[in-house]
Amino acid sequence: MAWAKNILRVNLTKGTCTNEPLNMEWADKYLGQRGLATKYFVEEVDPKVDPLSPDNKLIMTTGPLTGTSASTAGRYSVVTKGALTGAIACSNSGGFFGNEMKNAGYDMIIFEGKAKTPVYLFIDDDDARLLDAGEIWGKSVWDTEDWIKEHHQDPMIRVASIGVSGEKGVLFACVVNDYHRAAGRSGVGTVMGSKNLKAVAIRGTKGVQVKDYKRFMEATAAAKKVLAENAVTGEGLPAYGTQVLMNVINETGALPTRNHQTVQFEGAHAISAEAMVEPRKSDGKPNLVRNGACFGCTIACGRISSIDRTHYTVAERPQYQIASGGLEYEAAWALGAATGVDDLDALTFANFICNEQGYDPISFGATVAAAMEMYETGVIDDKVTGGIELKFGNERALTELAELCGRGEGFGAEIGLGSRRLCEKYGHPELSMAVKSQEFPAYDSRGIQGMGLTYATSNRGACHLRSYTVASEVLGIPEKTDPHSTEGKAGLVKAFQDATAAFDSSGTCIFTSFAWTLEDVAPQVDAACEGEWTAEKLLEVGERVWNLERQFNNAAGFTAKDDNLPARLLKDAAKVGPAKGLTNQLDKMLPEYYELRGWTSDGVPTNETLNRLSL
Amino acid sequence: MQRSLVIDPGKCTGCLQCELACSYDNESIFNPSKSRIKVFSFHDKGRFVPYTCTQCDEAWCMKACPVDAISVDAASGAKIVSDELCVGCKVCTVACPFGTVNYNADTGKVIKCDLCGGDPECAKACPTDAIVFVDANWTGLERMRTWAEKTDAGQQASA
Amino acid sequence: MTYVIIGAGPSGVTAAETLRKVDPVGEIILLGGEPEPPYSRMAIPYLLTGQIDEAGTYLRKRDGHYEANRIEYRQATVESVDPAAKSLTLADGTTQAYDKLLVATGASPVKPPIDGLDLPGVHHCWTLADARHIIALAGKGAEVVLMGAGFIGCIILESLVERGVKLTVVEALDRMVPRMMNAPAGNMIKNWCTEKGVRVLTSTKVTRLAQSDGRLAVELDSGEQTAADLVVVATGVRSNVDFLEGSGVKTDTGIVVDQNMRSTVEDIYAAGDCAQGLDFSTGGWEVHAIQPTAVDHGRIAALNMAGRPTPFNGSLNMNVLDTAGLISVSFGRWDGVEGGDHAESVDADNYRYTRLEFDGDRIVGALALGRTDHVGVLRGLIQTGIHLGPWKEKLMADPNRIVEAYIDRTQGA
């Protein structure tokens, strides 16, 4: 019930697809998706493995609620050792692919080895086959998806694929499904590309059963009501999407600008949610076409945008004069504030290219920002950039690099290294705004202290989706804490990390946590799944998952030294805004955090902790 | 006043909660592929269109059925397939010009919207009121009716 | 007013019911040629498989349906029509007067001129009586030869396969269902059937049947001789119009009618498989011999008979066929029109095929194999003459996107 109780194991080296039953003992301890796939991954993969070697594995995984009528329950994740980070990677995506995979009868697809020549996996319920991808290797995500639907004569097929960037080894390549939803971070698409796996195409018609339908409908209806009545999930997100944050965070003085040189962006409004709904001059239509939902989502925060047809990026290119996935906050920040570009259409175009060619706009924008700082300070010049005038605020440089990165060509290929490798290559590692080689998202930890600890300790490198303390420190959810204070932040980060890991293991979207707590999730899981599921048990699963990920990273060679932030955030105080004069006080939070976690001062889980969590 | 499903694509976000509700009510499983209502997504236009039987007066499906397996429910006005009588000949699937009668190979019968006995689950599940169940005298219905008339074999044949 | 309807198939029954709706007081007499209550030939294959009993084939299931509608249903065979006297002569020698007459006598199977087709063990599959014979002979493991792989033959094919017989299909033309499918689709159906264990011989004719050891010996023009316990003849049908000889009612391939389903003789109408009705696609006059057309004819004819002039826009030829699990459909001008484009998508390995025929930016015909979802929109697209606009190009690139095209063009914002 709820789980399909079935795994598909795909050996790309041998070209075989075999079914095996889901380990239900593990399901009871790790629930599903992020937790359960991580358990399989750490059991099967050497932590020291080179992420791009055939010995690395890649798992696509649904949660037990995926495919049910619980709100937002269409999620799936990609778990592997990240190409960008060398750490455990788990990237979560919405859209419709996860539901299709579950409907075809799979909790997980484990890919191992490497295909000799490019292939794609085609699944029609029980029929799973590796097929020749010769005709689509070299095609974009969008063209790949169209080709597969046409080739199999079925427009209802759902596809997750990599673009050219993933084939060419751009280290922050994504796996993109449904044209513009992505398992975005850490280079999971790069790993997929290294395996010569172009796409996974699924038609699933078997359905998903729950344990107790009546109780499930009651629990999901109650939970949907909570979402509908909440100001963030019921009003803010549907109307403005995550972009509702742009002006808020800017005013908080935590909008990292021009490679974190400052914390407020004068062009913030021009790239904000408010700007996206303003009618533009040329045709009187706004950038935002409408909001769209992922499978089963009653929030519908997704942005569907169009670019001004007269804009330089698309005027001669009708294929981009369409509605497609628009700017989310993190992308708008990375492509905009981080690079100093305030041209909404240029940002939207760069975002289209990120989706079309399958790479992470956060790491891309942040790496471009680092390159811009190197260019402006004379570290790199036109010879390096191939003639691109890489100055902050140059929208043409941004969009040109977006296309080059998408094809893995020219200086775009160097951007594809990510900021840590790029800055090291040119002798300035201090200019990379990253943790564990993964670039920061859109919150400056000088103005939101808890986010510094979040980034430093995130198991997949700098990330907002591992413990979104912004909710508490800025939005007051579940209760307001002072963003400039470090007090209590260790406990806050731990609580968010554990709860988030539980949400990510269930099949629901983390955005529900603006309104839901685990008390809202538990009755839904309990009515759907075998076993007894309480909020306490879910929280324990979350903490177990967090420690399991940590153990993998420690075994992979990460140490407490890697739980750190770039010097700029620790030493250069914010120059403007409410956080003026502040640096991030990581050293005040980290020891307390280790202690609360039950880890040694070297960041290693103690035996007692491991025993407590049955690890 | 007889009520009917009225669909406003402008309000639809494409979440498919209607398909989940429909499939569970009819098939006791969450399975969008077995839903009698289907949301079509025009991704490059940002448009989502929920689509199902309008219970049209012409009832091509019912007229084309060779074995009297489709009948009108007097209370709801829905055209209902009797699983007992349906032989699975599929003539109704080609006769319905809206394509809203489909063959279910698992059961060997056809399936179509039956308005859930007068209280449609899709409308209840829709979070944005893109699908509502209201008095039939409603302009939104006219659009499909217009096409229904254009398909009709006799120009004044709504006998 | 006395309405007489000859023929109690779908067309006749629909006409009778429509008449009752629009004329509450007229006398309605429905004459059927067979002893059973009005039934559907379409359902006979499902009787053969045992999925339904004979009552499951009846056109109307409610007890007392005809009485409740004051439709007088009688078994009678009509010998001749006298339009001057407005009277029918029946086989029992009695006469029946009419004010308005509808001829809905359908069609009957024809036997090709081959020796031995009158032998025991040779049957059509047309009536319930035929079905009883077939059920008796087509037991599990029985060797059966099916002559003709047209639409009717293919419908029976599926039920014979399900009965577990050893089946050989002999078709004179070069592919299966040649009047409904083009060569690629017809051949895919052949391959599918072959894979399901049916022996399919196309471009082959039966030359002679003979009795041998209590069984049938079937000789083929290839020189091969094969034994059979049962031979089913499904080589075609022709309209039942012989009794109209001398009545002045003009016939061609069927009864010639106008747009109001009137024959060339006043107060005599025709409908269904015996009528050469208006074809939507060609604007010509054709016998369709399909259920939806029969029903359309019956309804339109009845409205006109009852004094409600209702011109017929023409019916769209369409078929749906299930050959041992492979579902195929055809609509309208699937063979294309002069100067029109076509789009084709072939996946022979997975038995999926779609072909669209265009006239300008409208779809005028279609074939599809291996798809059932929302397939009716092909009728909608063709019969409402929807201009596809930008969708023409999209469908040329991928003809499988018909439902999207239909919805986008009809449910426009």
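Observations
- Lys/Arg +1, Asp/Glu -1 at C-beta; chain A dipole; positive extreme among A:151, A:478, A:491: A:151
- Taking amide H as placed 1.01 Å from N in the peptide plane, the amide H of residue A:292 sits under 5 Å from that of A:302, A:303, A:304, each at least 5 places away or on another chain.
- Gap separating the Cα centres of the range C:222-258 and the range A:494-535, nearest whole Å: 70
- In the range A:305-409, the trypsin sites (Lys or Arg not before Pro) that fall in loop regions by DSSP, at most 12 other Cβ within 10 Å: A:391
- Rounded if a/c under 1.5, otherwise prolate or oblate - chain A, Cα gyration tensor axes: rounded
- Residues with amide H under 5 Å from that of residue B:29, placed H, sequence gap 5 or more: B:24
- At most 11 other Cβ within 10 Å, DSSP loop - GluC sites (Glu not before Pro), the range A:469-552: A:479, A:532
- Per-residue ³J(HN,Hα) for the range C:387-398, Karplus 6.51 cos²θ - 1.76 cosθ + 1.60, θ = phi - 60°, Hz, x for Gly and Pro: 6, 7, x, x, 6, 4, 5, 5, 6, 4, 6, 9
- Antiparallel bridges, percent of DSSP beta bridges restricted to the protein assembly as shown (to nearest 5): 70
- Listed values for the range C:153-167 are Karplus-derived 3J(HN,Hα) couplings in whole Hz (6.51 cos²θ - 1.76 cosθ + 1.60, θ = phi - 60°), namely x, 6, 5, 5, 3, 4, 6, 5, 4, 5, 6, x, 7, 8, 10, and x replaces Gly and Pro.
- Summed side-chain charge close to residue C:339 - residues other than residue C:339 whose Cβ falls under 15 Å, Lys, Arg +1, Asp, Glu -1: -3
- Residue exposure proxy: C:204, A:68, ordered by other Cβ atoms within 10 angstrom of their Cβ from fewest to most, comes out as C:204, A:68.
- J(HN,Hα) series, the range C:105-120, from Karplus relation 6.51 cos²θ - 1.76 cosθ + 1.60, nearest Hz, glycine and proline x: 7, x, 9, 10, x, 10, 9, x, x, 10, 5, x, 6, 9, 5, x
- In a simple Cβ point-charge model (Lys, Arg +1; Asp, Glu -1; nothing else charged), the range A:449-612 has a dipole of about 840 debye relative to its Cα centre.
- For A:227, A:327, A:615, order by how many other beta-carbon atoms lie within 10 Å, fewest first: A:615, A:227, A:327
- Other residues within the sphere of radius under 12 Å centred on the Cβ of residue C:356, judged by their own Cβ, net out at 0 (K and R +1, D and E -1).
- Extending 7 Å from Cα along the Cβ direction at residue B:72 and again at residue A:251 yields two label points whose distance is 5.9 nm.
- Summing Lys and Arg as +1 and Asp and Glu as -1 over all other residues whose Cβ lies under 11 Å from the Cβ of residue C:116 gives a net charge of -1.
- For the protein assembly as shown, the square roots of the Cα gyration tensor eigenvalues, ordered a ≥ b ≥ c, give a/c of at least 1.5 with a/b greater than b/c, which places it in the prolate category.
- Three-way shape label, chain C, alpha-carbon gyration tensor, a/c 1.5: oblate
- Beyond 23 Å in Cα-Cα separation lie the following of the pairs A:149/C:190; A:81/A:571; A:57/A:198; A:14/A:81; A:494/A:537; A:211/B:38: A:149/C:190; A:81/A:571; A:211/B:38.
- For the range B:55-112, the alpha carbon convex hull comes to 73 Å³ per residue, rounded to a whole number.
- Which of C:23, B:135 has the fewest Cβ neighbours within 10 Å, and the rest in rising order: B:135, C:23
- Top positive-direction residue, dipole computed over the protein assembly as shown with Cβ charges, set A:272, A:449, C:65: A:449
- Remark: mean inter-chain Cβ contacts per residue of B:42-54 equal 6, using a 10 Å Cβ-Cβ cutoff to other protein chain atoms.
- Candidates per trypsin sites (Lys or Arg not before Pro) in the range A:517-615, loop by DSSP, up to 14 other Cβ within 10 Å: A:575, A:580
- Residue-averaged beta-carbon neighbours from other chains (10 angstrom radius) around B:98-104: 6
- Distance from the range C:117-186 to the range C:348-411 (C-alpha centre basis), Å: 31
The numbers here are math on the coordinates, done by the rules we state, and not lab data. No experiment lies behind these values; they were computed from the predicted model shown. Counting neighbours? That spans all protein chains shown, and the Cβs are built from the backbone with ideal geometry, glycine included.
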